[in-house]
Amino acid sequence: MGNVLVVVEANPDGSLRKATLNALGAAGAIVKRTGGQIHAVVVAVDARPLAQAVAPYAVSVVYTASGPSFEHGLAEGVTPAVVAAVRAAKADFVVGAATAFGRDVLPRVAGKLQAAMASEVLSIEGTGSDFTFTKPLWAGAVIGTVKLSSPIVVLSVRPTEFQAPAAGSAGEIRELQLEAPAPMRTRFLDFKQVLSTRPSLTEARVVVSGGRGTKGDFQPIEALADALGAAIGASRAVCDAGWQPNDLQVGQTGKVVAPQLYIAVGISGAIQHVAGMKGSKTIVAINKDPDAPIFTVADYGLVGDLFTLIPELTAAIEASK
Ligand code: FAD
């Protein structure tokens, strides 16, 4: 008993999404306490390649469900297959990453299973079968500890908080036998993929984020990001103004990032922004106001005009290469 089923997610190009490995890390922390096994489920048009990619990561069995109705990963279509895999795996825990896909699918799975759910889980605490989960409340201003007591428990976990497991020998792959899919009430309309040569915001080791202080001129931010091989982020003020696309927004209502280095440029440090980046290993703030709240979470601060400081910093980085 104590088995965990991990819901596997693909990148738009069909490859394994790194956040799934972090979810597998969380599953590992659970089975260490329960003595159960880790299982996984891949639901896709052709699930086999993704199943083969995930099988070596401490997974005993990968269940697959393939078919045209799973195109675009719509929650309504994916959920019955995940529920079937929960039954096949005799899972007591269903775990997925707290990504857009996980936030869509996992509550639906919890509803179908009549299961309690904790979202955005940060850590698993306690020993033996008596363990709890921590999760952020009020934009991370408070960390809550929750205990879930339904027979099956569903968790979405923050990818930034769990280490990916090491790859080992591959587990078994089994195809799920599913009933014919019911007609769906959800219809896929459009997917606007933002293509960039820069690293993905949630997976980059370095992030340079710009705020309203840029006045919409991101050229210095882009030059610094390119010098560092970094991803670009933005505050909500910047995205709301239409200066940068919404998918660059960092914060409570944007993306949660935890890179090795986060450079906040012309960002005041509102609690909602800080909620999305305070897990970063090293935080550098550049702001002309010495009293800006961002300096209270920064490890290093530079007070001055970004339009002078950022080109100087970029030139110094380029010169040191
Ligand atoms: P400002 O607060 O206007 O700060 C601009 C900063 O730039 C100032 O500190 C100023 O000193 C500095 N500056 C100006 N000129 C220069 C210069 N030349 N050189 C250097 N520094 C300069 N915000 C988010 O970011 N992410 C979220 O996910 C998010 N979610 C929210 C959810 C809710 C429900 C609400 C109510 C708000 C949310 N917000 C979010 C908005 C948040 O409260 C702030 O309004 C926003 O973060 C401010 O963005 P900013 O720091 O870029 O702008």
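The values are calculated or read from the model by the stated rules, or taken from the named source; none is laboratory data. Keep in mind that what you see is a predicted model, and the values were worked out from it rather than measured. Here Cβ is always computed from backbone atoms with ideal geometry, including for glycine, and neighbour counts include all displayed protein chains. Ligands, DNA and RNA are stripped out before the accessible areas are found, and what is left, the full protein with its side chains, is counted by its heavy atoms. Shrake-Rupley method; radii C 1.70, N 1.55, O 1.52, S 1.80 Å.
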**Prompt:** Could we say that LEU24 is within 28 Å of ALA258 (Cα to Cα), part of a helix (DSSP H, G or I) and of a type in the set (A, V, I, L, M, F, W, C) here?
**Reply:** yes
Would you call PRO311 open to solvent by 20 Å² or more (accessible area, probe 1.4 Å), within 13 Å of the ligand (Cβ to nearest atom) and part of a loop (DSSP other than H, G, I, E, B)?
no
Cβ pairs under 8 Å, 6+ apart or interchain, first in region 134-157 and touching a residue at least 40 places away in the same chain (Cβ under 8 Å), second of a type in the set (Asp, Glu), ordered by first then second residue, are PRO136/GLU120; PRO151/ASP92; ILE152/ASP92; VAL153/ASP92; SER156/GLU120; VAL157/GLU120
Restricted to region 194-241 and to residues being closer than 18 Å to LEU309 by Cβ and among the acidic types (Asp, Glu), the residue farthest from the chain's Cα centre (by Cα) is ASP217
- Condition check for PRO181: out of contact with any Asp or Glu (no Cβ under 9 Å at 6 or more places or on another chain) and assigned to a loop (DSSP other than H, G, I, E, B): yes
By residue number, the members of region 142-171 that are part of a strand (DSSP E or B), under 20 Å from MET277 (Cβ atoms) and not small (Gly, Ala, Ser) are VAL142, ILE143, VAL157
Residues in region 54-76 that are more than 16 Å from ASN3 (Cβ to Cβ) and surrounded by fewer than 20 Cβ atoms within 10 Å (Cβ to Cβ) total 11
Margin query: On the basis of being within 11 Å of the ligand (Cβ to nearest atom) and free of Cβ contacts under 8 Å to residues at least 12 places away in the same chain, does ASN287 make the cut?
Written below: no
Listed by first then second residue, the pairs whose first member lies in region 233-246 and is among the aromatic types (Phe, Trp, Tyr), whose partner is within 8 Å of the ligand (Cβ to nearest atom) and in a strand (DSSP E or B), with beta carbons under 8 Å and at least 6 positions apart or on separate chains, are TRP243/ALA234
Expected single match for under 27 Å from PRO159 (Cα atoms) and out of contact with any strand residue (DSSP E or B) (no Cβ under 6 Å at 6 or more places or on another chain) among PRO245, PRO259, PRO311 is PRO245
| query | Is it true that some residue in region 64-75 is in contact with a helix residue (DSSP H, G or I) (Cβ under 9 Å, 6 or more places away or on another chain), over 15 Å from GLY171 (Cα atoms) and part of a strand (DSSP E or B)? | reply | yes
Wholly inside region 196-305, strands (runs of 3 or more DSSP E) that include 3 or more residues that are at pLDDT 95 or above and open to solvent by less than 50 Å² (accessible area, probe 1.4 Å) are 206-210, 231-234, 261-265, 282-287
Q. If we scan region 176-193, do we find a residue that is under 18 Å from the mean Cα position of the chain (by Cα) and closer than 30 Å to VAL62 by Cβ?
A. yes
